[in-house]
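The values are calculated or read from the model by the stated rules, or taken from the named source; none is laboratory data. These numbers come from a predicted model, not from an experiment. Because the Cβ atoms are built from the backbone with ideal geometry, glycine has one as well, and the counts that use them run over all protein chains shown.
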Amino acid sequence: MMRRLFYSLVLSGCLLGGGGVAAQVDSVTPVVAAADSAVVPLAEGDSVTGSIEELIGDEDMAALQEMQQQGLGVGLHEQLKSKFVEGSASFMSLVALALVLGLAFCIERIIYLTLSEINAKRLLRDIGQRMAEDDVEGAKALCRDTRGPVASICLQGLDHADEPMEAVERSIMGCGAVQTAKMEKGCSWIKLFIAVAPSLGFLGTVIGMVMAFDQIQEAGDISPTIVASGMKVALITTIFGIIVAIILQVFYNYIRSKIEHLTSQMEESAIALIDLLQRRQLRKSDNV
């Protein structure tokens, strides 16, 4: 029972420490051995009472407290913070700035494109019902009350409903180009930060190598200790630059997929609207 209790305490401390249990097995083993040697069988009717200090002893308790203070492993955010400092604050700050600005543009585009998505089929169905009743103004009001590029294209086509179909098609195509440009606004900045982040990392790599060679020249000898600091700066900045580029690339691809989806909706809606306007013009010519 004593042994199980101590193992439970050690395991709890490992989990609260944030991981890294395997790296601390050697430091835990002497304490466990001391606890095993201190186990005393209980007679029938006896019970375990008292504090943990009385159960495992003062020396073992001191060792356990030291392990808890040091922490069995370091959390992920602590590791990132440590590596960020080791990678030279000047270059790592630039990489972090590229990440923050890139994410800001990504979040703005995602919000804009998400709000632009509508049920295009329902909108076209409602427009078709009003066009069947020759209520062009009602269809225009419906488009004005609906957000997004699809509604804007439909409104543009309805504004030229009484003109020849060639003029309607040109107007819709021009409006579609404008709406596509609005959806892609800011994407060039995201691509810029995707390219800049690893470039800053590679620049830190080159400067780290130069630092390493300067230290070798000053010492007049090549040793792992002298080269290690410069090489660490070089590798850490490169790693963080690539990580930032990967994160921004994932967001950029997601944004491009939403833009392509909206573009396809715009094209389908434009074709459907042109068909509705052609039918309206045919009905008017038959009535005449």
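Below are the figures for this structure:
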item	result
Residue in the range 144-179 that is farthest from GLU108 (Cα to Cα), counting only those that are among the basic types (Lys, Arg) and part of a helix (DSSP H, G or I)	ARG170
Every residue from the range 193-226 that is at pLDDT 75 or above and charged (D, E, K, R)	ASP214, GLU218
Checking LYS182 against (1) surrounded by fewer than 14 Cβ atoms within 10 Å (Cβ to Cβ); (2) part of a helix (DSSP H, G or I); (3) out of contact with any helix residue (DSSP H, G or I) (no Cβ under 8 Å at 6 or more places or on another chain), the condition it does not meet	(3)
Residues of the range 98-140 that turn out to be farther than 19 Å from ALA272 by Cβ and more than 35 Å from the chain's Cα centre (by Cα), as a count	1
Some residue of the range 120-142 being part of a loop (DSSP other than H, G, I, E, B), touching a helix residue (DSSP H, G or I) at 6+ places or on another chain (Cβ under 9 Å) and either within 17 Å of GLU268 (Cβ to Cβ) or free of Cβ contacts under 8 Å to residues at least 24 places away in the same chain (or both)	yes
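Residue-wise test of (1) surrounded by fewer than 16 Cβ atoms within 10 Å (Cβ to Cβ); (2) modelled with pLDDT under 90.
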| position | (1), (2) |
| --- | --- |
| LEU99 | no, no |
| LEU103 | no, no |
| CYS106 | no, no |
| GLU133 | yes, yes |
| CYS154 | no, no |
| PRO164 | yes, yes |
| ILE172 | no, no |
| VAL178 | yes, no |
